[in-house]
Each structure stands twice: as C-alpha cells, then as structure tokens.
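One structure is given below, encoded as structure tokens.
The values are calculated or read from the model by the stated rules, or taken from the named source; none is laboratory data. None of these values were measured; they are calculated from a predicted model. Neighbour counts are summed over all protein chains in view; Cβ atoms, including those assigned to glycine, are modelled from backbone coordinates with ideal geometry.
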Amino acid sequence: MSNQTGKYFYAGLAVTSLLAVLAGCTNSETTSTNTTAPGGGSAKPGRPLAGSASAVKGPCGDERDTLIQAYKQISLTLNCNDFTRVRHTQYFSFSQLADKGGYQWALLRDPLLISKDKGYGLDLIRDNYAADRQIASAYRDPVHNKAVGGAPRSRHLFGDAADIRNVTRSREEWDRMWTAAQKAEADYIEPLNGPCQLNCLHADWRNHEGDYNP
Ligand SMILES: [Zn+2]
C-alpha cells in the first residue's frame, strides 16, 4: 500500500505515442520500441482505440480493455497479454492472488510468483514461515484499489505485492512473518504503523526484474 514509486516508469513516452496514434500519425510505435512497463512488460500502445479515449472497446475484446483504460490514468500502458486468468504459485491459487473486485483478469508479476528455489518471492515467505499462510490481498485493479483507499500507486496495482494475513493478530506472528519476508528478499515491507497494522504483513518485490505474462 506504499505510494513509493517503482523504478521502471517510462510511461510518459508511451502516452505520448498513444496520443500520436490517436491523432492519426502512422508508425508512431517506432518512437516507443524501447519503452517498457514496470517489470519489463511491453508498453507499446495497441491498435488505435475506436471512439473516444474513455471507450472500453479495444484490442482485447473483453474487460481487459476497461482495465487498460484505467491503467492509462496512472500512466501505465499495458497490452492484452500482460493480463492473466490463470497464473499462480505452488502455494497460492489464482483466485487467492487475484482481485476480489470482480474482474476475471489480473496483473501478476514474475517476482511475486517466482519459484521459491530462486531465493525470493511469495512462496519463499511461506516456506520461511514454515506454516500455511493466507492472502488478505494481492493484486488489486485500479477501481477496487481506489474504493478501498489504497495508495494511488500502490504496488498491489502492479501485481508484485501481497498482504499476508496475521491470523492471530499477535505481534509475535507479525514479527515472524516480517523476518520470513526479509529472508525472501522483499524490496519493501510495510512497517507496523502501515495500513495493515496487525491485521496483515505487506511485502512487495517492486525492484526485482520480471515481466507480466498471460
Ligand atoms: Zn499491501
């Protein structure tokens, strides 16, 4: 839930390119081929959208078009294949990781989902803790994030954060999870006075390289 900015933002270029596309320029993608989204996902604009910028019809042909529009408002340009309906980890299913807000699609970045034997990621927290863990909230779409009062650039929007439930709500369990997250190379662990308080532990891997994948 932190509002710290990730390190891979070049979305301004992509927006500029998109505006050029909408203005009728051709081959404007050649100016943005080096533009990448956070985590290395492609940030090239898709085909020009039909109708106004607020139209939800787009190249994906489903609710991903609505999500792509919502992400443009926070300067992140995405493609249809950046979203998934199936990604999961050894310990956590897609439905545990995806938003509870109603969309079937989610953004989930590799460093959150990566195999624990790589030395970091969510599954390694669970292994370090050595007991089952529950996810209070992982991915959140922009509309839901706003509704629950999440930070405008919360890492939950970018699919590399998880709030892990503190089942007993004790300081002892919270501290053990904090240590487990630190050993799992989380780039940011929210302090106890963050939004989770004693209800959960927020960890994210914002600075680890990795893509979105379908
Ligand atoms: Zn969080």
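Looking for something among the acidic types (Asp, Glu), farther than 25 Å from Cys60 by Cβ and either within 16 Å of the ligand (Cβ to nearest atom) or in contact with a helix residue (DSSP H, G or I) (Cβ under 9 Å, 6 or more places away or on another chain) (or both) - is there at least one such residue anywhere in segment 152-162? The answer is no; no qualifying residue exists. Can you confirm whether segment 64-87 contains a residue that is of a type outside the set (Ser, Thr, Tyr) and closer than 28 Å to Thr179 by Cβ? Yes, there is a match, as at least one residue in segment 64-87 is of a type outside the set (Ser, Thr, Tyr) and closer than 28 Å to Thr179 by Cβ. Residue selection: Gly210 satisfies the criterion of being more than 14 Å from the ligand (Cβ to nearest atom), crowded, with 17+ Cβ neighbours inside 10 Å and at positive phi.
Among the residues of segment 189-207, the ones that are within 13 Å of the ligand (Cβ to nearest atom), surrounded by fewer than 19 Cβ atoms within 10 Å (Cβ to Cβ) and touching a residue at least 60 places away in the same chain (Cβ under 8 Å) come to 3 in all.
Apart from one condition, Gln104 fits all of (1) within 16 Å of the chain's Cα centre (by Cα); (2) crowded, with 20+ Cβ neighbours inside 10 Å; (3) of a type outside the set (Val, Ile, Thr); (4) more than 22 Å from Pro195 (Cα to Cα); the exception is (2). In segment 120-131, the condition of being among the aromatic types (Phe, Trp, Tyr), within 13 Å of the ligand (Cβ to nearest atom) and surrounded by fewer than 22 Cβ atoms within 10 Å (Cβ to Cβ) is met by no residue. The combined condition, being in contact (Cβ under 8 Å) with a residue 24 or more places away in the chain, within 16 Å of Leu112 (Cβ to Cβ) and within 11 Å of the ligand (Cβ to nearest atom), is fulfilled by Ala136. Can you tell me which residue is surrounded by the most Cβ atoms within 10 Å (Cβ to Cβ) among those in segment 141-161 that are under 24 Å from Thr89 (Cα atoms) and at pLDDT below 90? It comes out as Asn145.
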